[in-house]
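A short reminder: the numbers here are calculations on the coordinates, not readings from a lab. Nothing here was measured: the structure is a model prediction, and the numbers come from that model. Please note: Cβ atoms are built from the backbone with ideal geometry, for glycine as well, and neighbour counts cover all protein chains shown.
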Amino acid sequence: MIDPDIRRASTLPGEFYGSEETYARVRESVLLRSWLFLAHREQVAGEGLYPCVLGAGSLDEPVVLSRTDALRCFSNVCTHRGAILLEQPCPAQNIRCRYHGRRFDPRGRFLSMPEFEGAEDFPSERDHLPEVRLGSWGPLIFASLDPAIEFAQWIAPLPAGLDSLAFAGERTYEVDASWALYCDNYLEGFHIPYVHPGLADALDYSEYRIETFDHASLQTGPAKDPSEPPAYYFFLFPATMVNVYPWGISLNVVEPLGVARTRIRFLTFVGDASKTSRASGDLHTVELEDEAIVASVQCGIRSRLYRRGRYSPSREIAVHHFHRLLSDYLSSGR
Ligand code: FES
Ligand SMILES: [Fe+2]
């Protein structure tokens, strides 16, 4: 669907971003098979059981993060008739389903069930709470229901040694646009001089660099001021952005809420707060500028007169890479 040669390739067709059917396919073929942000380390600081939702707004999978001797993740759905087990965080104790009293240990293993005398082949492996794969990097914890690639391979492009970052706050945005349009926009600095005048003043756009990895890309934006380090914009397919600044990181979690509705969570983690950088610009202003253009594109791609576009071979390498991954996942169930 997307030519591997960017010089010949055309972009994803407009209907990709506006079709309910494609959205449902993306959810099952892409999001289900990907690593998604689940929680940050400080949220599960002490021993306990922490209910959370993987893929809030799209997969909406209820899971439990369990911190005992190790960190584990398993389904928050009772293996009897499907009741949600935990509504609130609680100490690391046995779990008892409030519907018919089935009990599990804090690792999600079946313990007991009343009134099941005579049931054959019971209990079996199927009565434990299914495990969900976890991976962590620095302060961030990711999970996947059915990962197409190993976590270590997925996370490899990110730098190591950021374990001491402390959570510094979260801000949430919602935009009337497809999650993929939001990612497309993130994946090119091409629009910076046009859409972000403030940021364009701080970044040396002529030196902007783009690299791609198996499931990730990296854009490097050197500061105009040569005494300032560059900003690194990592994109981890399909919906995680990690911006690395001298003071710490900004994590952007892209949460699809529907065909043309997206929530973006900005979480900041600070290492050295004294090292401010102009390269991060005013994150809030930049975000509003991005949202306005992306919402405008969502209206544009609905046009009956728009089909698909072409890529700039020098500036849209990461967008092309993202589109190729999307179409690979959709066509081959990669
Ligand atoms: S649904 Fe949990 S015990 Fe019946
Ligand atoms: Fe932007």
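Compute the length gained on full extension between residue 98 and residue 272: take 0.36 nm times their separation in residues and subtract their Cα-Cα distance, giving the result in nm to one decimal.
Working: separation 174, 0.36 × 174 = 62.64 nm, distance 4.59 nm.
Stretched out fully, the residue 98 to residue 272 stretch lengthens by 58.0 nm.
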According to a simple spin-label model (label point 7 Å from Cα along Cα-to-Cβ), what is the distance in nm between residue 194 and residue 168?
3.2 nm
So the FRET efficiency between residue 111 and residue 42, C-beta based with R0 = 35 Å and rounded to 0.05, is 0.70
15 Å beta-carbon shell around residue 310, net charge (K/R +1, D/E -1)
+1
Compute the angle between helix 283-300 and the longest alpha-carbon principal axis of the chain, please, reported from 0 to 90 degrees and rounded to the nearest 10.
90 degrees
Explain nothing, just the number: dipole magnitude of the chain about its Cα centre with +1 on each Lys and Arg Cβ and -1 on each Asp and Glu Cβ, in debye rounded to the nearest 20.
380 debye
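Against the 2.2 N^0.38 Å scaling, with N counting residues, where does region 155-206 land? I'd like the Cα-based Rg ratio to two decimal places.
1.54
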For the chain: relative contact order, % (alpha-carbon pairs under 8 angstrom, 6 or more apart)
22 percent
Please report the spacing between the Cα centers of region 199-268 and region 297-334 in Å, no decimals.
19 Å
Proxy exposure order for 247, 179, 154 (fewest C-beta within 10 Å first) is 247, 154, 179
Acute angle (nearest 10 degrees) that the helix 20-29 long axis makes with the longest principal axis of the chain, alpha-carbon atoms
60 degrees
Over the Cα atoms, compute the radius of gyration (one decimal) and Dmax (the largest Cα-Cα distance, rounded to a whole number) for region 189-274, in Å.
14.1, 43
Treat the chain as a sphere of radius equal to its Kirkwood radius over Cα pairs and apply Stokes-Einstein at 20 °C in a medium of 1.002 mPa s; give the translational diffusion coefficient in µm²/s, rounded to a whole number.
100 µm²/s
So, counting K/R as plus one and D/E as minus one, what does the shell of residues with Cβ under 12 Å around residue 157 add up to?
-2
Which of 292, 45, 260 fluctuates most in a GNM of the chain (C-alpha springs under 10 Å)? That residue is 45
Averaging the inverse of every distinct alpha carbon separation and then flipping it gives the Kirkwood radius. What is it for region 64-180, in angstrom units?
17.2 Å
Using a 7 Å offset from the Cα along the Cα-to-Cβ direction at both residue 265 and residue 15, what is the distance between the two label points in nm, to one decimal?
3.4 nm
